[in-house]
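Peer 1: Can you keep this structure in mind? I'll have questions shortly.
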Amino acid sequence: MTTKAKNIVKLGGAVVVSAGVSAIVLKCPYFNVLDFGSCNKDFHYNVISMSATIGGFLFTGISILISTLEKERIKRLWDYNYLDNLYRAAFIGITANITSLVIALGIIILKFEEKIQWILADVEISAVITSIVFFIWSVKQMIFVISRLKDNDE
């Protein structure tokens, strides 16, 4: 199996994991989206803060990756598709963060029917879970890149 194919399989696996975790959390009897109504808008403000922070870290990670491409060892990893999932995971995480930001702002600012609010809250929570999964994966990949840079310096 080629590196590109392995990357796609791993990326698909991460998407399945984040969807599975989201489904488990949303169906869990100990987790009730209706309880967020008692949090008022605090929950959504916290989602905005967390999503902006994680999105910023992911964007910084992509910037670090781009700045290291001048190193021969990293360039070789890039050319042979070993770093594809790093930037793909970061972009998926950033997209999930933007989704949760927009939904949280929409819930705070706009008036929706109660049923639509709960559906939006479900999507918001799923986007947060997806962003966390891909943030963790991006951090793992960045540690790999940093270790390669360190190995290159020795």
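The values are calculated or read from the model by the stated rules, or taken from the named source; none is laboratory data. All figures in this text were calculated on a predicted structure; none of them were measured in a lab. All Cβ positions, glycine included, derive from the backbone under ideal geometry; neighbour counts span all protein chains shown.
Peer 1: So in the stretch 7-23, with the set limited to residues that are modelled with pLDDT of 85 or more and not hydrophobic (A, V, I, L, M, F, W, C), which one is surrounded by the most Cβ atoms within 10 Å (Cβ to Cβ)?
Peer 2: Checking each candidate, the answer is 18.
Residue by residue, here is whether (1) at pLDDT 80 or above; (2) surrounded by 15 or more Cβ atoms within 10 Å (Cβ to Cβ); (3) not aliphatic (A, V, I, L, M) holds:
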residue: 5; (1), (2), (3): yes, no, no
residue: 25; (1), (2), (3): yes, yes, no
residue: 39; (1), (2), (3): no, no, yes
residue: 53; (1), (2), (3): yes, no, yes
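Peer 1: Of the residues that make up the stretch 112-121, is at least one touching a helix residue (DSSP H, G or I) at 6+ places or on another chain (Cβ under 7 Å) and crowded, with 20+ Cβ neighbours inside 10 Å?
Peer 2: Yes, the conditions are met somewhere in the stretch 112-121.
Peer 1: Which ones in the stretch 107-154 are in a helix (DSSP H, G or I), within 16 Å of residue 42 (Cα to Cα), of a type outside the set (Val, Ile, Thr) and more than 20 Å from the chain's Cα centre (by Cα)?
Peer 2: Residues satisfying the conditions are 117, 118.
Peer 1: Right, something else. Please work out which residue is surrounded by the fewest Cβ atoms within 10 Å (Cβ to Cβ), limiting yourself to the stretch 82-98 and to residues that are under 14 Å from residue 53 (Cα atoms) and either in contact (Cβ under 8 Å) with a residue 24 or more places away in the chain or in contact with a helix residue (DSSP H, G or I) (Cβ under 8 Å, 6 or more places away or on another chain) (or both).
Peer 2: Ranking the qualifying residues of the stretch 82-98, first place goes to 98.
Peer 1: Which numbered condition trips up residue 73, out of (1) assigned to a helix (DSSP H, G or I); (2) under 29 Å from residue 120 (Cα atoms)?
Peer 2: (2)
Peer 1: Taking residue 78, is it of a type in the set (Phe, Trp, Tyr) and more than 19 Å from residue 61 (Cβ to Cβ)?
Peer 2: No: the conditions fail for residue 78.
Peer 1: Can you tell which of 87, 45 is within 12 Å of residue 134 (Cβ to Cβ) and hydroxyl-bearing (Ser, Thr, Tyr)?
Peer 2: Only one candidate passes the filter, namely 87.
Peer 1: Further, regarding this structure: Residue 1 versus (1) of a type in the set (A, V, I, L, M, F, W, C); (2) farther than 30 Å from residue 119 by Cα; (3) assigned to a helix (DSSP H, G or I): which is the lone unmet condition?
Peer 2: The one condition residue 1 does not meet is (3).
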